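Here the structure comes first, spelled out in structure tokens, and everything after it is commentary.
All of the numbers you see were taken from the coordinates with simple rules; none came from a lab. Model, not experiment: these values are computed from the prediction. Note: ideal-geometry Cβ built from the backbone for every residue, glycine included; neighbour counts use all protein chains shown.
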Amino acid sequence: MLKREKKEPSFGDIKAFLGEGTEFKGILSFEGAVRIDGKLEGEIISKDLLIVGETGVVNAEIDVGRMVNSGKVRGHISAQEKIEILPTGRVEGHLRTPSLILMEGGKLNGTCEMGPPPSAEADSSIALQAPSRKD
């Protein structure tokens, strides 16, 4: 008789998972990748990857390295590298990112600023300013 082993689903390098039916209010700060399939309200801070699954609903101020969205996201979203909105993804709010991928079927209702991350922009403006003279 063969005995089948039950395998856990593989999430690759995902460090945390907020599952469907779960609600969280507050500040989420993390390293590595995090996937949200439940509801989150508050603030999200990371230099790494945020994944919002199809059942994910996020209402937050978001500052991450990268975001991949196939759920519903509302708020101010800043990504240092890239924002991807997949075919089932819905985003409402203000985006700031150097790279935006909006796949066919994905929806963006709001504004988008594309350019270097705010810290890089601040560094370049400092370099362009002439030193002040005191007489």
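Listing for the model above:
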quantity: When segment 14-128 is reduced to its Cα atoms, the Kirkwood hydrodynamic radius in Å; calculated: 14.0
quantity: Gained length - M103 relative to S29, 0.36 nm times residue gap less alpha-carbon distance; calculated: 23.9 nm
quantity: 15 Å beta-carbon shell around N109, net charge (K/R +1, D/E -1); calculated: +3
